[in-house]
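The values are calculated or read from the model by the stated rules, or taken from the named source; none is laboratory data. Computed from a predicted structure; not experimentally measured. Don't worry about glycine lacking a Cβ; one is built from the backbone with ideal geometry, like all the others, and counts go over all protein chains shown. The accessibility values were calculated without ligands, DNA or RNA, using every heavy atom of the protein model including side chains. Shrake-Rupley method; radii C 1.70, N 1.55, O 1.52, S 1.80 Å.
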Amino acid sequence: MANAHLPPAEPEPSLNRVDGRLKVTGAATYSAEYPFDNLAHAVLITSTIAKGRITNINAKPAEAAPGVLAVISHRNTPGVPAYPPLKQPAERAPIGTAFRVFYDELIYFSGQPVAVVVAQTLEQAQQAASLVEIDYQTETHQTDFVANRSKAAIAMNVQRNKTSPFQDYDRGDPDAMPSAEVKLEATYTIPTQHHQPLEPHAIIAVWEADDKLTVYDKNQGVKSAQGNLAQAFKLPRDNVKVNAQFIGGAFGSGIRVWPHTVAAVLAAKQVKRPVKLVLGRELMFTSVGYRPFTEQKLAIGATKTGILTAIMHEGIGQTSAYEEHLERTILATRAMYACLNVSTRYRLLNLDVNTPTWMRGPGDATGMFALESALDELAFALQLDPLELRLRNHADADPERNLPWSAKSLKECYRMGSEQFGWKNRKPEPQSMQTDGMLVGYGMASSLYGFHRHPSKAKAMMQADGSVVVQSATMDIGPGTGTAMTQIAARMLGVSPKKIRFDLGDSSLPDAPGQNGSATIPSVGSAVHDACKALKNKLLILGASMPGSILSSAWPDEIEIKNGRIYPNAESRSSVSYADILKYHKLPQVEMTEESKSGPERDQYSMYSFGCHFVEVHVSPVTGEVRVKRVVTCADVGKIINDKTARSQSIGGVVGGIGMALMEESVMDHRYGRYVTSDFASYHIPVHADIPQIEVFFVDQPDVHVNPIGAKGLGEIAIVGVAAAVANAVFHATGKRVRELPITVDKLV
Amino acid sequence: MKPFEYVRPSTLQEAIELVATNPKAQFIAGGTNLIDLMKHNIAAPGKLVDINHLPLKKIEKRDGFLRIGALVLNSEVASHKRVLASHPLLVQALNAGASGQLRNMATVGGNLLQRTRCPYFYDRAFPCNKRIPGSGCGALGGINRMHAIFGVPEKPDPRSCIAVHPSDLSVALSALEATVWVQGPHGERQIPMNDFHRLPNNRPEQDTTLANGELITAVEIPDAVFPKHVHYLKVRDRASYAFALVSVAAALDIDQNRIKTVRLAMGGVAHKPWRLFEAEKLLTGQTVSETIFRQAAEVAMQGARAFEHNAYKLKVAPNAIVQALKLAASLS
């Protein structure tokens, strides 16, 4: 990619959210809100034991309850066609098997869906659900990570795949660690954490015909959900429609099609009516994945002057007994700093729990907590400023792939962040700063996230009245996708954003990836760019072919388009509008669909987003309470498309990071293999009073090598490193190094 | 939630009779806790007796007392200028609890009657002696980070319960020696706040000393001698909207740097608001100093016992007592 082609932002650099009014007035329709006359309501019944088998289900009292249409379990399920035939006696699924809904009597985790009750009203379904009696035969379960740690092993997925990035990795000299001048070793633990978006997961499943299914389902990828459901129910792909236009937050919880979605589809099939199923908050802990409990060991060797000479990073992540969930935990360590000798190990521990999934900054938020905490420990041991230590080890090229970075302004982020924060006022000694009886701590951490761009399509349509419709089956789980895409289209076509409509969240639209891995702007933004560019060129050709057209002799690079009017050059006072062109050619609309994807540049450059966070905490020496007082966050993510939504996304990432650092923890009672955190009173996420002023700064320079719009992803980098910055600030305030998140009162007093 | 009957009697007498004569009937006011319990099938009343329209909504100044009707909203008390002037500790405690939305629904009587937030109580897959007497205490050998350190059994028995009472208001009322006015099928009576909630004592299903059919009509708080020197300190896992790990209500009457009278109560440490009588005794007549506060805290902590996850409370609680006393005494 020679150049970034996105014209400068004008006239509105920060377009307000195009769907903002719909959302704040309640006019936006979320998955559970689609109206159907004959809608039936489903309530899931989930297992109360962690491992064993169902020995009896007495559904009779429930079936006799008022309004009940069906009680469906493995005994009477209409069945998922893609599941293999049952074996007698039932056998446990081998590792690598996605969970099968109502398949047999076996229990794999506490909270597993074992039956669904469908009734005329929600209240009737809830009451009937309480009447279903289920008997279990329990088997000994293992849910305790610490007690089972020694069973962790290389994932089978990795054993089979010699090119897996999770293979044991060693670069450089194995003797570098033992011979290092300064050595440091520490273990860091992340508890299980749940996404817990405010909107719970919900679905309405509608069988339009025996072979036609429509679902209004909260998910992060309508196309992948469509493919997944088509495969499961053996339907032609086009016979499955998935709609997820508005999403009330997800953070990764909607990347997969989860069992409750399949349960609702089965229920709708059974009762031959549209069926709605909304997860209660307690079911959100066992139904849609989570950030896995992860233990990491970091060993660092360095010179006395703070040059990293060796890093060993080992990570063990928790997964279910039936599936392997791998995440990037140890991968960032290979690319982050200029260290010649690096080894990583990654292991999985299968437990009797449901399968984890990606949660904002998956793996990297976990891994960078460990790496960036360890660097802070090293800085303290060397009596070196933590920022200076990072500058001394700045990687000018990717040390893992030996490639130049496509762009990297991390040093500029460090400079901006430290200046804005006032890092120079930090006294190096822990416990050396106080105000009003509170211990004051300054901490910082770096951040990085790999660049992801997936093949994406977009269709751009110019209408006869000069308005524009752009479509792509992309998603908006909150960042403001429609707004950013509208802005890209407006800039490319020279049309006011008010005249542009962007459609998303519908599987019948042109192919696009789900919203994850910070890939939407880089992927879909490029497709919108390309489609609008192609549309503009087509319209310019059509315009030039009009008799006596002012465009016929115009130089393409001199043409200016403003408010839908095309001027042959900047000085020209005569113009022709898009609407004029369509009118002359008697066209109701002109449309172009383009596919956009990466090319050979992926092998020429190493592509990442970079950033850093600076945090001030106050810690009460009396009670041990930690409050974050100030955050400055900086990111280098290439070109910023919409400053306002980007800023908002960064703030959200920091809020998530504060939650991760100080309060989020799903606690399990291992005697029962069951969570005791089952609501927002016991699983804490930050409230407004926990969130201070958060200042956001962007480098905002296009990365000319990554894609035509010069923009990289922001969603993940916003959270990666935040927890370490908070933990480092707590250490600076108190002199206590907490290596086990979250940092709560009991760990500080 | 199970189907239930809903009635709205027009008089106090009628309401009391409806509940007194039907073991499955229950009063409902703000419903901020009861509705949750019903959704989880922890409470399954056959009949809900809605008392929201009964005339128990006044805040009155009486001779020597402040009287707050049982149906006065938490937010009304918290924003009442005369209450703020005469009983600031109440306002501080109320504002430390729940969220603005909940305080707008929750009543004073209901606040006293809210049930524990112990997770074992809320999940029917776990044993819980408070929910099903004799089923065992899940928290005792389980996750007990939030649980009691006072009034707990020395030797666990099959009826043990180590849950804590979640109310902030009750802690302040306990410190202020409030009286709970109740009306029942056999007439009216007054219960001193410290006798209103009870320790589990093998009947953890019983949170209070209210008899069947008795309804709280008001709380009366003696005119305080301590409007100046009070503090409600709440230690919690986040800045707002979290139950207390430990809380302290401190009220002092100080004359020329000497403590004439003192009241201390703690929340988050027992099955009831925990009055610190011994510490009060020690402080009375003493000169204000951090040293004497520290001694009082040590006395207050005698008899505390920790479980696997709540030993930190043994450290946080005395610190919190000292801090609350210092802030109340404006001693920096």
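Filtering A:ILE651, A:ILE694, A:ILE641 for residues that are out of contact with any Asp or Glu (no Cβ under 9 Å at 6 or more places or on another chain), of a type in the set (A, V, I, L, M) and in a strand (DSSP E or B) leaves a single hit, A:ILE694.
Looking across the range A:564-590 at every residue that is modelled with pLDDT under 95 and out of contact with any Phe, Trp or Tyr (no Cβ under 9 Å at 6 or more places or on another chain), the one that is most open to solvent (accessible area, probe 1.4 Å) is identified as A:GLU571. Taken over the range A:287-307, residues that are of a type outside the set (Ser, Thr, Tyr), touching a Leu at 6+ places or on another chain (Cβ under 8 Å) and open to solvent by 10 Å² or more (accessible area, probe 1.4 Å) amount to 2.
Could you check the range B:125-135 and list, in sequence order, the residues that are in contact with a helix residue (DSSP H, G or I) (Cβ under 8 Å, 6 or more places away or on another chain) and more than 12 Å from chain A (Cβ to nearest Cβ)? B:LYS130, B:ARG131, listed by residue number.
Does A:LYS457 satisfy the condition of being closer than 17 Å to A:HIS529 by Cβ, open to solvent by 10 Å² or more (accessible area, probe 1.4 Å) and either more than 14 Å from every other protein chain (Cβ to nearest Cβ) or not in a strand (DSSP E or B) (or both)? Please lay out each step first, then the result.
Working: closer than 17 Å to A:HIS529 by Cβ: yes; open to solvent by 10 Å² or more (accessible area, probe 1.4 Å): yes; either more than 14 Å from every other protein chain (Cβ to nearest Cβ) or not in a strand (DSSP E or B) (or both): yes.
Considered against the rule, which asks whether it is closer than 17 Å to A:HIS529 by Cβ, open to solvent by 10 Å² or more (accessible area, probe 1.4 Å) and either more than 14 Å from every other protein chain (Cβ to nearest Cβ) or not in a strand (DSSP E or B) (or both), A:LYS457 comes out as yes.
In the range B:11-31, the residues that are closer than 21 Å to B:ARG103 by Cα reach residues that are surrounded by fewer than 19 Cβ atoms within 10 Å (Cβ to Cβ) with C-beta atoms within less than 7 angstrom, at least six apart or across chains, in these pairs: B:ILE28/B:ASP50; B:ALA29/B:ASN52; B:GLY30/B:MET105.
Conditions (1) of a type in the set (Asp, Glu); (2) within 11 Å of chain A (Cβ to nearest Cβ); (3) out of contact with any Gly (no Cβ under 7 Å at 6 or more places or on another chain), marked per residue:
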position	(1), (2), (3)
B:GLY110	no, no, no
B:ARG115	no, no, yes
B:CYS118	no, yes, yes
B:ASP123	yes, yes, yes
B:CYS137	no, no, yes
B:MET146	no, yes, yes
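Pairs meeting the criteria (first residue in the range A:413-433 and touching a residue at least 12 places away in the same chain (Cβ under 8 Å), second residue in a helix (DSSP H, G or I) and open to solvent by less than 10 Å² (accessible area, probe 1.4 Å), beta carbons under 8 Å, at least 6 apart or on different chains) are A:TYR414/A:ARG390; A:TRP423/A:GLY417; A:ARG426/A:HIS732; A:PRO430/A:HIS732; A:PRO430/A:ALA733; A:GLN431/A:ALA733; A:MET433/A:HIS732; A:MET433/A:ALA733.
Looking at the range A:346-429, the helices (runs of 4 or more DSSP H) lying wholly inside it that each contain 2 or more residues that are within 15 Å of A:SER447 (Cβ to Cβ) and small (Gly, Ala, Ser) sit at A:364-382, A:410-421.
Just one residue in the set A:ILE107, A:ILE95 is in contact (Cβ under 8 Å) with a residue 24 or more places away in the chain, in the same structural domain as A:GLN231 (by TED's automatic domain parsing), surrounded by 18 or more Cβ atoms within 10 Å (Cβ to Cβ) and of a type in the set (A, V, I, L, M); that residue is A:ILE107. Remark: A:VAL440 matches the filter, which requires a residue to be closer than 25 Å to A:GLY721 by Cβ and aliphatic (A, V, I, L, M).
Listed by first and then second residue, the pairs linking a residue in the range B:294-313 that is in the same structural domain as B:GLY268 (by TED's automatic domain parsing) and under 21 Å from A:ASP669 (Cα atoms) to a residue that is open to solvent by 30 Å² or more (accessible area, probe 1.4 Å) and outside any helix (DSSP H, G or I), with Cβ atoms under 6 Å apart and 6 or more places separating them unless they lie on different chains, are B:HIS309/B:ARG145; B:ASN310/B:ARG145; B:TYR312/A:VAL749.
If you go through the range B:293-317 and pick out every residue that is open to solvent by less than 20 Å² (accessible area, probe 1.4 Å) and part of a helix (DSSP H, G or I), you end up with 8. Would it be correct to say that A:ALA264 is in a helix (DSSP H, G or I), in contact with a helix residue (DSSP H, G or I) (Cβ under 8 Å, 6 or more places away or on another chain) and open to solvent by less than 10 Å² (accessible area, probe 1.4 Å)? It is false that A:ALA264 is in a helix (DSSP H, G or I), in contact with a helix residue (DSSP H, G or I) (Cβ under 8 Å, 6 or more places away or on another chain) and open to solvent by less than 10 Å² (accessible area, probe 1.4 Å).
Residues that are open to solvent by less than 40 Å² (accessible area, probe 1.4 Å), touching a Ser or Thr at 6+ places or on another chain (Cβ under 8 Å), outside the structural domain of B:VAL248 (by TED's automatic domain parsing) and within 30 Å of A:ILE45 (Cα to Cα) are absent from the range B:84-107 altogether. Could you please find all residues in the range A:26-42 being within 10 Å of A:ILE204 (Cα to Cα) and of a type in the set (D, E, K, R)? Result: A:GLU33, single match. Here B:ASP255 meets the list (1) out of contact with any strand residue (DSSP E or B) (no Cβ under 8 Å at 6 or more places or on another chain); (2) of a type in the set (D, E, K, R); (3) within 14 Å of chain A (Cβ to nearest Cβ) almost entirely, failing just condition (3).
Of the strands (runs of 3 or more DSSP E) lying entirely inside the range B:1-92, those carrying at least 3 residues that are farther than 30 Å from A:VAL132 by Cβ are B:59-62, B:65-69.
Okay, residues lined up against (1) of a type outside the set (Val, Ile, Thr); (2) on the phi > 0 side of the Ramachandran plot; (3) open to solvent by less than 10 Å² (accessible area, probe 1.4 Å); (4) within 14 Å of another protein chain (Cβ to nearest Cβ):
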position	(1), (2), (3), (4)
B:LEU210	yes, no, no, no
B:ALA224	yes, no, no, no
B:LYS228	yes, no, no, no
B:HIS231	yes, no, no, yes
B:LYS234	yes, no, no, yes
B:PHE243	yes, no, no, yes
B:VAL246	no, no, yes, yes
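Of note, A:THR593 satisfies the criterion of being more than 14 Å from chain B (Cβ to nearest Cβ), open to solvent by 30 Å² or more (accessible area, probe 1.4 Å), polar (S, T, N, Q) and part of a strand (DSSP E or B).
Each row is one residue, and each column tells you yes or no for (1) in contact (Cβ under 8 Å) with a residue 24 or more places away in the chain; (2) part of a loop (DSSP other than H, G, I, E, B); (3) within 14 Å of another protein chain (Cβ to nearest Cβ); (4) open to solvent by 10 Å² or more (accessible area, probe 1.4 Å).
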| residue | (1), (2), (3), (4) |
| --- | --- |
| A:HIS705 | yes, yes, no, yes |
| A:LEU714 | yes, yes, no, yes |
| A:ALA723 | yes, no, no, no |
| A:ALA729 | yes, no, no, no |
| A:LYS736 | no, yes, yes, yes |
| A:ASP746 | yes, no, yes, yes |
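Report yes if A:GLY280 is in contact (Cβ under 8 Å) with a residue 12 or more places away in the chain and under 20 Å from the mean Cα position of the chain (by Cα), otherwise no.
The answer is no for A:GLY280.
Taking interchain pairs and intrachain pairs at least six residues apart, which have beta carbon atoms under 9 angstrom, with the first residue in the range A:672-693 and farther than 22 Å from A:VAL288 by Cβ and more than 7 Å from chain B (Cβ to nearest Cβ) and the second part of a loop (DSSP other than H, G, I, E, B) and open to solvent by 30 Å² or more (accessible area, probe 1.4 Å)? From residues that are farther than 22 Å from A:VAL288 by Cβ and more than 7 Å from chain B (Cβ to nearest Cβ), the pairs are A:HIS688/B:SER240.
In the range A:328-346, the residues that are open to solvent by 30 Å² or more (accessible area, probe 1.4 Å) form Cβ pairs under 7 Å with partners that are not in a loop (DSSP other than H, G, I, E, B), at six or more places apart or across chains, as follows: A:ARG328/A:ASP364; A:ARG328/A:GLY367; A:ALA338/A:HIS394; A:ARG345/A:GLU314.
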